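Accompanying notes for the structure given below.
The values are calculated or read from the model by the stated rules, or taken from the named source; none is laboratory data. This one's a predicted model, so the numbers in the text were calculated from it and none came from an experiment. Reconstructed Cβ throughout: ideal geometry from the backbone, glycine too, with neighbour counts over all protein chains shown. Keep in mind that these areas ignore ligands, DNA and RNA; they rest on the heavy atoms of the full protein, side chains included. Shrake-Rupley method; radii C 1.70, N 1.55, O 1.52, S 1.80 Å.
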Amino acid sequence: MPNADRRHGTCGTAEQTMLTAISMSAIATNGVVPAGGSYFMISRSLGPEFGGAVGMLFYTGTTLAAAMYIVGAVEIVLTYMAPWLSIFGDFTKDASAMYNNFRVYGTMLLCVMGLIVYVGVKFVNKFATVALACVIFSIIAVYAGIFNNIDGNDKLFMCVLGKRLLKDVAVANCSKDEGGVLWNYFCASGECDPYFKEQNVSLVRGIKGLKSGVFFDNLLPSFLEEGQYIAYGLDPEHIEPLDRPSYNQVYADLTTAFTILIGIFFPSVTGIMAGSNRSGDLADAQKSIPIGTIGAILTTSTVYLSCVLLFAGTVDNLLLRDKFGQSIGGKLVVANMAWPNQWVILIGSFLSTLGAGLQSLTGAPRLLQAIAKDGIIPFLEPFAVSSKRGEPTRALLLTLVICQCGILLGNVDLLAPLLSMFFLMCYGFVNLACALQTLLRTPNWRPRFKYYHWCLSLIGLTLCISIMFMTSWYFALIAMGMAVLIYKYIEYRGAEKEWGDGIRGIALSAARYSLLRLEEGPPHTKNWRPQILMLAKMNDDFTPKYRKLFSFVSQLKAGKGLAVVVSLIPGDFTKRAGEAAAAKQALRKVMDDEKVKGFCDVLVASNIADGLSHAVQTIGLGGMKPNTVIIGWPYGWRQSEHDRTWHVFLQTVRHVSAARMALLVPKGINFFPAIGDKIAGNIDIWWIVHDGGLLMLLPFLLKQHRSWKNCKMRIFTVAQMEDNSIQIKKDLKMFLYHLRIEAEVEVVEMMDSDISAYTYERTLMMEQRNQMLRKLRLNKREKENVVQAIVDHHHHNDNNTKTASKVRFADPSENKEGNEEADREEKNEVSSTFCCDSLDLDTALIMIFLCIPFYPPSIHFLTRSLPLPTKTESEKDKDTKEATENDKDAAGADKLANNVSISPVKDKKGAGDSTKVADDVKSAFKPDEGNVRRMHTAVKLNEVIVNKSHDAQLVILNLPGPPKETYMERENMEFLEVLTEGLERVLMVRGGGREVITIYS
């Protein structure tokens, strides 16, 4: 190839290596650089995944480069120094013989070099000094030879036919004489080749000297296609092959281009990190790496560029493009130019390749040991061990094995392009690391080396990527693919490392930018997605109580998106901070096990309801604030000693509604599928109230997860008898069509029937129990008297002087904690009292009526748009009048309850009187008509839902808001229980007051 093109390639690679060296110097002086060199710099700047991926490729490239250097040293010996040492015959004519020689002698040389490296780096440094002296003397000999042969010399002659270069022709045989060597070549078939007959044969000096002016001939490009003849100029008559044998004419064995030239030249500049790879052995790496690397690049670049220019002005154009030196018998051109003789160059070249190989075999094991010590790749951990002398012996053995595999391949030229990709990727990431640290202005970025700039680093990165694809795009893709595989492996199996890398800095900057952009205005409906705040309840051992709730969150997000999980611990934060930290770790572990992507936190609050309110108000940042709250249903709220269980739940519902956030309440959470389960069936949506489309969107999101993807959606809506059910169904189908949601639609008609006796009785029981529990509060002493009276009566006290005290209603001003304690004791004492079989009938009836919950469990809920019996004005007036009468009746009931005494009755008549007293108390309560109507609606709707959705995998329905009056809270819980009775999996949903789904694209 022309020397002018070689000069451009040299300049490009020199610029690229210099820019990389500047970036590397900045990183190397930004702190202590232990063993690992380039790997340490990249991993601490870009993270363990990038560092491990590029580090492993760089290690592989360095190891195989050692194989390439060893094979090169063997080739110098067998080709130019001692051809008679060939074991497998004339390797110049048989490629397999050449490769076999490489395998045998390369293995022997590898063993010797491996032993030198094993002895220690100090011995390598001593050998490197001797090799460096020989290389310097060789370079001086080349310069001296060029100027000594300024007029050229007669050591190398080429035989040229016309303008074409011929091979394997001695000087004495370069003639067209009949019967000569050339005649036998071109006229062997009896008829001479036309080009041979038309052109003359001439001898041309290969080394013409600087005075010849050949430099200007070599400035023009001379790239050839594969098969074209090497000739002066690009005249098709001389370079184009015809349908004739090529004879002994030299032709291009591949299509040449500028990118090919760079690929050939680049391996000669891949040693710029030889010093940084041995950073652990340097006394002051921060000082030695910048000075040594930049000084070496300046020196070698000067030598490379000057030699290219001097060779272009000394060597003939045809000889420069003779790839294998076939026209001069395979001799080394530069050796025939050197002064005083060729042996200086041959010995210098041999020692130079040996030195480069030793540098690779010394740096590669230390690079591997550094990766192994970081523990980011688990199976490499055995190679982190050092010998007693501090040498990475195990890593050296693995390096020798890999190098031996490269030698056994024989033709290392096949690996050379791939090795160049590995090195280029490493250099590119060094530039990227420096640019990122500079642009992000990391506080820890304070390099002592000041001669850098992010623009230079980005230019270096661009040059690395450009050279990769210019040289060989498919090898570039292969190298990148290998890096991606290693990156993913480290990400999946590697150990967690937090080194404050630049990638995290990019994420922080991007997050800051995105959050500020999101704050510019409210999100559009089409961009709405559930950002979940999950309120998780903890057990006494600080583990989540309902694990399936995490599975549900993961399924709802389909493994994507963010979720925030918050748990509360009652108490003082200063005293329970350690427990909160432990609970947070347990919470994080469950999130990881259930594949919940997001964040977790544990709050300590003196009041649980207030703590949940604070979490709802403050969790999140800017546009990433949660918009959906998930809270578990308070199971066993009826059996709870305190009102706190359901009171906290309803307070949270109020707070979520006030924050205009959506609320999801799964009921029967333990029956929900786990993260790995797969279910099939129907997801039924009971669309009672339009809440912005949340009921439509939730099942669609659930179906994105593999656990629910086999389920089908069914939508039920409720209509009255006078509604046009056909038109409602048609409109709803069209609405779903525009929403691009596939679901079956069914309209359920409900009649405005009379209040059934069952509903009336159930409401009556609920109100009686709730009112009595609200008003009846026994203090500790009075309960002891009640129990003692019962015990005394049981033992038939003869003097009959100890009677039960009258029931006294608790004063609302009394201490609440005392009341709660009294309630607990009351429950324990009453339970123990009822274990006696001989209780008198009147006492048992009164206590059962006043204190024991009614069963079977009632249900809860009243939807906002269910068909209810309408009232006329006269009926409303009647209701007002009845409400007044009910208040009077309730007051009478209170008075009656105050007058009830628990006294022993010894005969059946007394028992009958006691029963009458209980009946009188019961008859004193008249159920509120509004409660009856709500209970009626809940019962009737529950019957319809159970009838239609008894086999559904999930039932989704609207969740009404809690009542404004706090005294109605327990009734609200009863309604919700009634509504979902008989359903295994229920998801109650309350929208946040905004549209979350749209028909527009």
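What the table below lists for this structure:
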read-out: Virtual spin-label span in nm between ASP94 and ARG389, 7 Å along Cα→Cβ; value: 4.1 nm
read-out: P(r) histogram, all alpha-carbon pairs of the range 524-677 included - 5 Å bins from 0, percent; value: 2, 9, 19, 23, 22, 16, 7, 2, 1, 0
read-out: Sites matching trypsin sites (Lys or Arg not before Pro) across the range 664-751 that sit in DSSP coil, with at most 14 neighbouring C-beta atoms within 10 Å; value: LYS678, ARG706, LYS709, ARG740
read-out: Heavy-atom accessible area ranking, 1.4 Å probe, most first, across MET108, MET470, MET337; value: MET108, MET470, MET337
read-out: FRET efficiency estimate (nearest 0.05) - Cβ-Cβ, LYS323 to GLU491, R0 51 angstrom; value: 0.70
read-out: Gain upon complete extension [ALA82, ALA144; 0.36 nm per residue less C-alpha separation]; value: 19.8 nm
read-out: Distance (nanometres) between label positions extended 7 Å along Cα→Cβ at LEU408 and GLN199; value: 4.6 nm
read-out: Where the range 524-677 is the region considered: accessible area per residue in Å², 1.4 Å probe; value: 45 Å²
read-out: Exposure ranking of LYS167, LYS575 by accessible area [1.4 Å probe, largest first]; value: LYS575, LYS167
read-out: Top positive-direction residue, dipole computed over the range 157-257 with Cβ charges, set CYS187, LEU242, SER202; value: SER202
read-out: Extension gain, VAL944 back to PHE573 (0.36 nm per residue minus Cα-Cα distance, nm); value: 128.7 nm
read-out: Pair-distance profile P(r), taking every C-alpha pair of the range 157-257, with 5 angstrom steps and integer %; value: 2, 12, 22, 23, 19, 13, 6, 2, 0
read-out: Accessible-area composition of the range 31-110, carbon plus sulfur, in percent [1.4 Å probe]; value: 68 percent
read-out: Accessible surface of the range 157-257, 1.4 Å probe, proportion on carbon and sulfur as whole %; value: 51 percent
read-out: Long-range HN-HN contacts of GLY233 with modeled amide H, under 5 Å; value: none
read-out: Whole-Hz ³J(HN,Hα) from phi, Karplus 6.51 cos²θ - 1.76 cosθ + 1.60, for the range 341-351, glycine and proline x; value: 8, 5, 5, 4, 6, 5, 5, x, 5, 4, 5
read-out: Carbon plus sulfur fraction of accessible area for the range 524-677, probe 1.4 Å, in percent; value: 52 percent
read-out: Quarter of Cα convex hull surface for the range 656-700, i.e. mean projection, nm²; value: 4.5 nm²
read-out: Förster radius 22 Å - calculated FRET efficiency between THR543 and LEU701, Cβ distance, rounded to 0.05; value: 0.20
read-out: Pair SER189, ILE478: separation of 7 Å Cα→Cβ label points (nm); value: 3.9 nm
read-out: Per-pair calculated FRET efficiency, R0 = 51 Å: GLN617 and GLU381 via Cβ, rounded to 0.05; value: 0.60
read-out: Residues whose placed amide H lies under 5 Å from that of GLY598, excluding near-sequence neighbours; value: ALA563
read-out: Surface accessible to a 1.4 Å probe, per residue, for the residues of the range 157-257, Å²; value: 53 Å²
read-out: Sequence of SER707, SER189, SER349 when ordered by accessible area, the most exposed leading, probe 1.4 angstrom; value: SER189, SER349, SER707
read-out: Sites matching trypsin sites (Lys or Arg not before Pro) across the range 290-395 that sit in DSSP coil, with at most 16 neighbouring C-beta atoms within 10 Å; value: LYS323, LYS331, LYS388, ARG389
read-out: Charge dipole magnitude, Cβ of K and R +1, D and E -1 - the range 104-177, Cα centre, debye nearest 20; value: 220 debye
